[in-house]
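Everything below concerns the one structure shown next.
Read the figures in this text as sums done on the coordinates, not as results from a lab. Given the structure is predicted, the values throughout are model-derived calculations rather than measurements. Neighbour counts are summed over all protein chains in view; Cβ atoms, including those assigned to glycine, are modelled from backbone coordinates with ideal geometry.
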Amino acid sequence: MRYLRIALAALVVTVAIVACSSGSGSGSPAATSGSAATSGPAGTPTTSSGGGTPAEAAITILNFKYGDPLTVKPGATVTVTNQDSVRHDVVADDGGFKTELLGKGESSTFTAPTTPGTYTFSCSAHPGSMSGIGTLVVQG
């Protein structure tokens with residue numbers, strides 16, 4: 001089990017490095033272990049201005065996309081960063097988590113649900129073009 005966790009951590013770091021160094025603008029979320037973020041109670045957004053505790057996973061909004069599905073542990077801290085020039089948020093379709101509306105370059109965090117499952121999320125500011133297109137997979 002420990003080797004699986006180490007291998008998973010190495011994969012996460014590799015994905016984060018590739019995502020950060022890629023100029024493709026794919027908008028794919030990158031799970032990271034060194035992003036600065038703060039966390040609030042479950043489902044409560046907390047804006048990050050640097051410092052704080054490391055985030056466990058990250059979603060980058062780019063070109064009206066959240067990227068590929070993101071897999072996290074129950075209760076993980078997820079940092080959301082908006083790279084679009086318009087404001088976006090992350091709102092779970094079941095109401096389980098959300099962030100505030102974020103301007104370009106702004107970040108916020110939320111706590112992933114503690115119950116394993118697949119959770120879809122949307123942008124409340126753009127329901128027609130960003131409805132149910134984000135996916136968070138919580139694996140125990």
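For segment 66-86, how many residues meet the condition of being assigned to a loop (DSSP other than H, G, I, E, B) and either more than 12 Å from PHE110 (Cβ to Cβ) or aromatic (Phe, Trp, Tyr) (or both)?
Of segment 66-86, the ones assigned to a loop (DSSP other than H, G, I, E, B) are 66-69, 73-76, 83-86.
Among the residues that remain, those that are also either more than 12 Å from PHE110 (Cβ to Cβ) or aromatic (Phe, Trp, Tyr) (or both) are: 66-69, 73-74, 83-86.
So the count comes out to 10.
Within segment 109-140, can you find the residues that are surrounded by fewer than 14 Cβ atoms within 10 Å (Cβ to Cβ) and either in contact with a helix residue (DSSP H, G or I) (Cβ under 8 Å, 6 or more places away or on another chain) or β-branched (Val, Ile, Thr) (or both)?
Answer for segment 109-140, where residues must be surrounded by fewer than 14 Cβ atoms within 10 Å (Cβ to Cβ) and either in contact with a helix residue (DSSP H, G or I) (Cβ under 8 Å, 6 or more places away or on another chain) or β-branched (Val, Ile, Thr) (or both): THR114, THR115, THR118, VAL137.
Going by the structure shown, is THR109 in contact with a Phe, Trp or Tyr (Cβ under 7 Å, 6 or more places away or on another chain) and under 15 Å from THR81 (Cα atoms)?
Values: in contact with a Phe, Trp or Tyr (Cβ under 7 Å, 6 or more places away or on another chain): no; under 15 Å from THR81 (Cα atoms): yes.
No, not satisfied.
Does any residue in segment 86-111 that is aliphatic (A, V, I, L, M) come within less than 7 Å, Cβ to Cβ, of a residue that is not in a strand (DSSP E or B) six or more places away or on a different chain, and which pairs are these?
Cβ pairs passing all conditions: VAL90/THR99; VAL91/SER124; LEU101/ARG87; LEU101/ASP89; LEU101/ALA125; LEU102/ARG87; LEU102/ASP89.
Right, ASP93: among the charged types (D, E, K, R), surrounded by 18 or more Cβ atoms within 10 Å (Cβ to Cβ) and on the phi < 0 side of the Ramachandran plot or not? Step through it out loud before you land on a result.
Details: among the charged types (D, E, K, R): yes; surrounded by 18 or more Cβ atoms within 10 Å (Cβ to Cβ): no; on the phi < 0 side of the Ramachandran plot: yes.
Against the criterion (among the charged types (D, E, K, R), surrounded by 18 or more Cβ atoms within 10 Å (Cβ to Cβ) and on the phi < 0 side of the Ramachandran plot), ASP93 does not qualify.
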